[in-house]
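The values are calculated or read from the model by the stated rules, or taken from the named source; none is laboratory data. Owing to the predicted nature of the structure, the values given are computational and were not obtained by experimental measurement. Neighbour counts run over all protein chains shown; Cβ positions are idealised from the backbone, glycine included. Just the protein is used for accessible areas: all its heavy atoms, side chains included, with ligands, DNA and RNA removed. Shrake-Rupley method; radii C 1.70, N 1.55, O 1.52, S 1.80 Å.
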Amino acid sequence: MSVVVNRVRRGFYADSVALMRIARRLAAGAGVRDASLMIGSDSNKALLNGAGLLAADARSAQADDLVIAVRARNATQAKAALDEVERLLAGDGDGA
């Protein structure tokens with residue numbers, strides 16, 4: 001069993017290459033099965049939905065929002081991954 005969590009950062013922009021690096025780093029983390037960081041455009045939300053990574057709280061994301069999506073073994077590992085994203089987006093760490 002796994003859990004999918006999303007976090008939406010309203011009005012947030014980051015370079016797509018940096019977002020892919022963060023997603024790759026998260027996916028390699030303990031208990032994380034998949035991760036994605038995308039702007040909240042309709043086409044990206046459709047991709048997330050198709051991958052089983054779109055949770056209800058991110059369905060209202062807009063094209064100028066960042067959707068952070070994580071599938072992990074459990075809620076504790078998912079929250080740790082979301083916290084790691086925030087740290088990396090703030091520039092506290094390498095690889096972003």
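Using 1/(1 + (r/R0)^6) with R0 = 35 angstrom and r between the beta carbons of ARG59 and ALA28, what's the FRET efficiency to the nearest 0.05?
Approximately 0.80, to the nearest 0.05.
Along each principal axis of its Cα atoms, how long is the chain end to end? Whole angstroms, biggest number first, please.
So the extents along the principal axes, rounded to whole Å, are 32, 30, 17.
Restricting to DSSP H runs of at least four residues, report the calculated mean residue ellipticity at 222 nm for the chain, -39500 (n - 2.57) per run over all residues, nearest 500 deg cm²/dmol. Could you put the intermediate results ahead of the total?
Values: 3 runs with 36 residues, N = 96.
That calculation yields -11500 deg cm²/dmol at 222 nm.
Per residue, how many Å² of accessible area does the chain show with a 1.4 Å probe? Intermediate values should be presented prior to the final figure.
Numbers: 5140 Å² over 96 residues.
Here the per-residue accessible area is 53 Å².
Just check the stretch 1-50 against the gyration tensor rule for me: Cα atoms, a ≥ b ≥ c as the square roots of the eigenvalues, rounded for a/c under 1.5, and otherwise prolate or oblate depending on whether a/b exceeds b/c.
Oblate, because a/c is 1.5 or more while a/b does not exceed b/c.
Taking a spot 7 Å from the Cα of ASN49 along the direction of its beta carbon, which residues of the stretch 1-34 have an amide N less than 20 Å from it?
4-9
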